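Just so it is clear, none of the values below were taken in a lab; they were calculated from the coordinates. From a predicted model like this one, the values you see are computed outputs, not experimental measurements. Cβ atoms come from the backbone with ideal geometry, glycine included; neighbour counts cover every protein chain shown.
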Amino acid sequence: MATVTEMIDSSPAVTQESALGEHRFVIHNVSWEKYEALLELFGDGGPKMNYCRGDLELMSPLIPHERYKRLFGFMVEALTEELDIERNALGSTTFRKQMAEKGLEPDECYLIANAGKMVSERTPDLEIDPPPDLAIEIEITNSLVDKLSIYAGIGVPELWRYDGEALTVLLLQPDGTYQVSETSRTFPFLPMGELVRFLEEYSPTTEMRWGKSFRTWVREVLLPIYEKKGVRE
């Protein structure tokens with residue numbers, strides 16, 4: 001197998017970008033075979049990789065990125081637990097589709113409508129496995145590849161994007177594009193602005209208290225709404 005240096009050196013036009021939230025750079029003209037070889041070489045310990053038709057973005061997260069990723073993960077998991085909604089948390093599992101020449105690793109992703117339907121135990125096979133019902137992307141700096149095209153290519157129906165200030169809900173349309181929505185398809189009863197409010201109230205010095213406050217809000221405010229709308233069976 002070629003070394004990482006050989007793979008990068010054989011692919012021209014490297015662009016770099018760095019900022020507070022994450023470090024990103026993109027390598028152009030990377031073949032699908034090299035992309036898969038890099039995934040195998042790095043395993044779970046390397047940078048996050050996003051691939052779109054020859055463009056390979058590598059991203060190393062910094063503390064703000066990882067903090068928001070974990071907070072969103074906590075909120076989704078608390079919601080599903082307190083409301084007794086089945087889910088499979090898949091974290092940053094790599095999803096890829098060779099025919100579309102696209103692949104990525106979400107910051108967090110979940111099977112919810114399709115909970116329990118994952119067939120593959122190690123690497124998802126989108127020929128037989130469903131894509132995540134919900135994916136979460138922290139993008140404090142803009143991606144250097146077309147991430148929406150990648151998500152559409154692997155068929156993710158709902159994406160939440162957070163840039164450190166604003167949360168955008170994107171729903172996949174029949175034409176393969178994403179449309180901004182005020183509401184979540186996965187959690188139609190959820191006031192999305194409340195998630196942003198909780199994020200704004202978060203402090204690393206009171207993390208446990210913050211988590212308890214969010215769970216209390218779900219039980220005391222959201223659960224009655226959820227039950228009143230008849231969502232729970």
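I need the P(r) histogram for segment 166-217: all alpha carbon pairs, bin width 5 Å from 0 out to the longest distance, whole percents.
Result, from short to long distances: 4, 17, 21, 19, 15, 11, 7, 4, 2, 0 percent.
Just name one of Gly91, Gly54, Thr205: the one whose Cα is farthest towards the positive end of the charge dipole of the chain (beta-carbon charges, Lys/Arg +1, Asp/Glu -1).
Highest projection toward the positive end goes to Thr205.
Mind checking the log10 I(q)/I(0) for segment 140-192 at q = 0.27 Å⁻¹? Debye, one equal scatterer per Cα, no solvent, two decimals.
-1.15
Of all DSSP beta bridges located in segment 63-228, what percent are antiparallel, nearest 5?
Here the antiparallel bridges make up roughly 80 percent for segment 63-228.
From the Cα trace of segment 137-233, what convex hull volume per residue do you get, rounded to a whole Å³?
127
What 222 nm value per residue comes from the helices of the chain, counting each DSSP H run with n ≥ 4 as -39,500 (n - 2.57) and dividing by all residues, nearest 500 deg cm²/dmol?
It comes out at -9000 deg cm²/dmol, rounded to the nearest 500.
Name the residue from Ile140, Ile112, Phe214 whose Cα lies farthest towards the positive end of the charge dipole of the chain, charges +1 on Cβ of Lys and Arg and -1 on Cβ of Asp and Glu.
Going by the charge dipole, the pick is Phe214.
With N set to the number of residues, divide the alpha-carbon radius of gyration of the chain by 2.2 N^0.38 Å and report two decimals.
1.06
How much length, in nm to one decimal, is gained on full extension between Leu62 and Glu165, taken as 0.36 nm per residue of separation minus their Cα-Cα distance?
Working it through step by step, the gained length comes to 35.4 nm.
Restricting attention to segment 53-140, which GluC sites (Glu not before Pro) occupy a DSSP loop and are surrounded by at most 12 other Cβ atoms within 10 Å?
Glu86, Glu121, Glu127
What is the dipole size for the chain, taken about its Cα centre, with +1 at each Lys and Arg Cβ and -1 at each Asp and Glu Cβ, in debye to the nearest 20?
Magnitude of the dipole: close to 460 debye.
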